[in-house]
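The values are calculated or read from the model by the stated rules, or taken from the named source; none is laboratory data. Computed from a predicted structure; not experimentally measured. Reconstructed Cβ throughout: ideal geometry from the backbone, glycine too, with neighbour counts over all protein chains shown.
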Amino acid sequence: MSTQKTAPAPESKGGIVLMTIAVLIALSGVFAFALLAEQPTAVRAGILVGCLAVGVVIGWFSAPGKEFAAYCRASYEELRRVVWPTRKETVNTTGLVCAFVVVVAFFLFVVDKLIEFLLYDVLLSLI
């Protein structure tokens, strides 16, 4: 975890415009796929994949796209520093969770049957 505090960069109008164009191109591919139902599936899929690829490329080179790529790299680096539990710890923890679930399920079953007995057998027998 980084201890440096950085001020957020101001959003540039060009980056927002590029990202908007990228999203519109990607959405146009989805709409074209839906509207060209009479065309062969290969043509429709090609248009969809092509528009999505163009949208991703345009978005990648925009300022928000570059910030997202930097965020992904930082997240990956942070993920590499995580200390994962051993197999034994994982199996023990999973066993404890399963046992706790069984105990809670049994408790809820007993409470449900007790309420059912009180409502149907005791309360309705008084009426």
Fill in the blank from the handout: From the option list 70, 63, single residue qualifying as surrounded by 14 or more Cβ atoms within 10 Å (Cβ to Cβ) and either modelled with pLDDT of 95 or more or within 30 Å of residue 16 (Cβ to Cβ) (or both) is 63
Exercise for the section: Go through (1) touching a Pro at 6+ places or on another chain (Cβ under 9 Å); (2) not in a helix (DSSP H, G or I) one by one and return the number of the condition residue 93 breaks. Expected result: (2)
Completion exercise
residue 32 fails exactly one of (1) of a type in the set (Gly, Ala, Ser); (2) in the same structural domain as residue 15 (by TED's automatic domain parsing); (3) more than 30 Å from residue 13 (Cβ to Cβ), namely (3)
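Just to be sure before I move on: is residue 119 outside the structural domain of residue 16 (by TED's automatic domain parsing) and assigned to a helix (DSSP H, G or I) in the structure I sent? Walk me through it before giving the result.
On the way: outside the structural domain of residue 16 (by TED's automatic domain parsing): yes; assigned to a helix (DSSP H, G or I): yes.
When the stated conditions are applied, residue 119 passes them.
Does region 49-62 contain at least one residue that is assigned to a helix (DSSP H, G or I) and touching a Ser or Thr at 6+ places or on another chain (Cβ under 9 Å)?
Yes, the conditions are met somewhere in region 49-62.
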Practice task
Would you confirm whether any residue within region 63-76 is more than 23 Å from the chain's Cα centre (by Cα) and assigned by TED's automatic domain parsing to the domain that holds residue 28?
Solution key: yes
Practice task
Would you check which residues across region 47-73 are of a type in the set (Gly, Ala, Ser) and free of Cβ contacts under 8 Å to residues at least 24 places away in the same chain and list them?
Solution key: 50, 53, 69, 70
Practice task
Looking only at region 111-122, decide whether some residue is exposed (fewer than 10 other Cβ atoms within 10 Å of the Cβ), among the aliphatic types (A, V, I, L, M) and either at pLDDT below 95 or in contact with a His (Cβ under 6 Å, 6 or more places away or on another chain) (or both).
Solution key: yes
Practice task
For region 35-47, indicate whether the set of residues that are loosely packed, with under 13 Cβ neighbours inside 10 Å, at pLDDT below 90 and assigned to a loop (DSSP other than H, G, I, E, B) is non-empty.
Solution key: yes
Practice task
Report yes if some residue within region 78-89 is free of Cβ contacts under 8 Å to residues at least 12 places away in the same chain, among the hydroxyl-bearing types (Ser, Thr, Tyr) and part of a helix (DSSP H, G or I); otherwise report no.
Solution key: no
